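J.: Take this structure first; my questions come after.
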Amino acid sequence: MWGFFKSFFAALLAFIVFVFAAFCFLIGMVSGLTSSRRPSVGQKAVLVLDLSQTFREQARESALSFLTSSDDEFNEPPGLYDLVRLLHHARGDSAIKGLYIKCNNNPNGFASSEEIRNALLDFKRSGKFIYAFGDAIPQKAYYVASVADRIYCNPKGGVDWKGFAIEMPFLKGALEKLEIEPQIFYAGKFKSATEPLRADKMTEPNRLQLTELLDGFFNTLLYSTAASRGLDTTVLRKCADGHLIRYAADALAYRLVDGLRYDDEVKEEIHKRLHGEDHDFINFVTFGKYARAVNYKASGKDAIYLIYAEGDIVNGKGEKEEIGADTYRWLIRKARYDDDCKAIVIRVNSGGGSSLASENLWREIYVARKTKPVILSFGDVAASGGYYLSCNADSIFAEPTTITGSIGVFSVIPNLQSFFRNKLGVTFDNVKTSPDAGELTVTRPLTPSQKMYMQNEVDSIYHDFKYRVADGRKLTIDYVDSIGQGRVWSGRKGLQLGLVDRLGGLQDAIDCAARMAKTKSYSLKELPEPRNLLELLTGGYRKSILEKSMKEQLGEDGYRTYNAIRRVKAMTGITQARMPFDPVVE
């Protein structure tokens, strides 16, 4: 009998190994076939920029994209810098005759939108046409689309033009009803990350910083629109303040659009612009397809490392959409050890996170600077911990609408004792070897001495934060404290305050790195490297399906709330250098 089972399990194991090997071989063969086949752009091509897509700093890998080379749902949009490079490449591509912007939505941040808009202006200088169309055009989408030669909206749609707003939820009342006490410790009067837990409305410092931030965003929209459309900023502001743009006809009357058209009418105008025959289809090409069809990346003998750091800053390795201290510490170290690497550019898009993780990444940049230039480029957000790790770089670039600063620290430890006892009927007891053993627990309140310890720790980390900024930016600690206190600033204001060195996008930062490295012939080594196919199939696909399902069930607002709750849970008891709010501008 034992011989039978031994043979059976041996055969079963062999079968599993065979199936796995065959699967890997098949995947490799299919991947090889698809990767070697470049799609053709064709003649009289018109690039399509769909602003409703989210252009992340680094393109997401799709687990199923290897199965197809066509434009379908499995292909993810290119990364933001990829998009900028593709637009620059298209300037001189004779196959590309123009560009069509679909502007029904724009989930991208203001700085990302600004970088896209600047790339479109550069493309426009080639003399190639740009058309934009949307059924109902929101303000952030209009901001990008306003560079177009012709902007159209649906006769029954319109243009949203009523200014910007930020709304924050406050949970103090709900926590009181649940008998949950948020034990909060913070340094900086503007550090309002914990405000939703301890107040029922915005504090005056928070209202002040948000008002100034929104005014900066809106002024950017006004002046950019006025310059592109030949309009008066006073009239544009009056239209927003008086809510004069209610219908599509109003947008036309105030010259925000060039005409009221349906989709087919706009396509027909583009068709005529191309001098196509009546039976011809317009050769629309998405940027995903264009990225696979052309070589648009720089090549040269030297290497410049480009490290994308996007997401919350966390201890350990972190997930794919996080800045794990261990992972990124090794990426920076890898660049430092590589003799072929002449400079390092780090693109930061983060509202911060763990103060200890931020300190560790600050240290790695400090060490790397001893051997080669380190340039920081800020995306939509580079604040709190995102600014902490960046402050000692050789040079810092930001867009005028980048959210930066937020030099401050906080920590939260909820006391759930009454909630467990009175709402759930659950109580806790313990034994311990020392008085403070197990002190950071949510099952009972902190003692006065423990609270004093927590506040002292927060104050100490805030002092370290200010010292890092003062040392890296060549400022005094008193001055850093005066512009710190957890306050967020725009990139434009950050330049005036000395928090950043120059206004510009990622390409400007790379050009600076090349100059500092004294090289004109370089290629970019972009990190983190894409995951292999097996990792995507076993992990990425499952996660992307789960994320898509949750977004469909909860909606965008509900999904943001879910992520906020998950983030609060993750940062409990961990001192945070995190921005005071998630900037969702409507």
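J.: Return the pairs, sorted by first residue and then second, in which the second residue is part of a helix (DSSP H, G or I) and of a type in the set (F, W, Y), the first residue lies in the range 416-436 and is in the same structural domain as L446 (by TED's automatic domain parsing), the beta carbons are less than 6 Å apart, and the residues are 6+ apart or on different chains.
T.: The qualifying pairs are V426/F420.
J.: Here is a list: T286, T233, T220. Which entry is in contact with a Phe, Trp or Tyr (Cβ under 9 Å, 6 or more places away or on another chain), in contact (Cβ under 8 Å) with a residue 24 or more places away in the chain and at negative phi?
T.: Testing whether each residue is in contact with a Phe, Trp or Tyr (Cβ under 9 Å, 6 or more places away or on another chain), in contact (Cβ under 8 Å) with a residue 24 or more places away in the chain and at negative phi leaves just T220.
J.: What are the residue pairs meeting all of these: first residue in the range 77-97, first residue within 12 Å of F55 (Cβ to Cβ), second residue among the polar types (S, T, N, Q) and surrounded by fewer than 20 Cβ atoms within 10 Å (Cβ to Cβ), Cβ atoms under 6 Å, and 6 or more apart or on different chains?
T.: Hits for this filter: P77/Q53.
J.: Here's another thing I want to ask about it. Please find, among N349, N360, N392, the residue that is assigned to a loop (DSSP other than H, G, I, E, B) and assigned by TED's automatic domain parsing to the domain that holds A517.
T.: Answer to the check: N392.
J.: If you don't mind, another one. Of the residues K128, K140, which single one is modelled with pLDDT of 95 or more, among the basic types (K, R) and crowded, with 19+ Cβ neighbours inside 10 Å?
T.: Values: K128 fails: crowded, with 19+ Cβ neighbours inside 10 Å.
Sole residue among the options that is modelled with pLDDT of 95 or more, among the basic types (K, R) and crowded, with 19+ Cβ neighbours inside 10 Å: K140.
J.: Further question: If you take the residues of the range 481-490 that are in contact with a Gly (Cβ under 9 Å, 6 or more places away or on another chain) and small (G, A, S), which of them is farthest from G109 (Cα to Cα)?
T.: The qualifying residue farthest from G109 (Cα to Cα) is G484.
J.: Does at least one position in the range 314-337 carry a residue that is free of Cβ contacts under 8 Å to residues at least 12 places away in the same chain and on the phi > 0 side of the Ramachandran plot?
T.: Yes.
J.: Go through the range 489-530 and count every residue that is of a type in the set (D, E, K, R) and part of a loop (DSSP other than H, G, I, E, B). Steps first, answer last, please.
T.: Looking only at the range 489-530, we keep the residues that are of a type in the set (D, E, K, R), and these are 492-493, 501-502, 508, 511, 515, 518, 520, 525-526, 529.
Adding the requirement that they be part of a loop (DSSP other than H, G, I, E, B) leaves 501, 518, 520, 529.
Counting residues in the range 489-530 that are of a type in the set (D, E, K, R) and part of a loop (DSSP other than H, G, I, E, B) gives 4.
J.: For the condition buried (at least 18 other Cβ atoms within 10 Å of the Cβ) and modelled with pLDDT under 95, what is the one hit in I166, I184, I96?
T.: On the way: I166 fails: buried (at least 18 other Cβ atoms within 10 Å of the Cβ); I96 fails: modelled with pLDDT under 95.
Just one listed residue meets the conditions, I184.
J.: Filter the range 212-248 down to the residues that are buried (at least 17 other Cβ atoms within 10 Å of the Cβ) and hydroxyl-bearing (S, T, Y) and list them by number.
T.: T220, S224, T225, S228
Listed here are the residues, each with its yes/no results for (1) modelled with pLDDT under 95; (2) under 17 Å from I166 (Cα atoms); (3) among the aliphatic types (A, V, I, L, M).
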| residue | (1), (2), (3) |
| --- | --- |
| P205 | yes, yes, no |
| D232 | no, no, no |
| V235 | no, no, yes |
| K238 | no, no, no |
| H243 | yes, no, no |
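J.: Restricting to the range 432-478, and then to whatever is in a loop (DSSP other than H, G, I, E, B) and charged (D, E, K, R), can you tell me which residue is modelled with the lowest pLDDT?
T.: The selected residue is E439.
The values are calculated or read from the model by the stated rules, or taken from the named source; none is laboratory data. In this text the structure is predicted, and so the values were computed from the model without any measurement. Cβ sites come from the backbone with ideal geometry, for glycine too, and all protein chains shown count toward neighbours.
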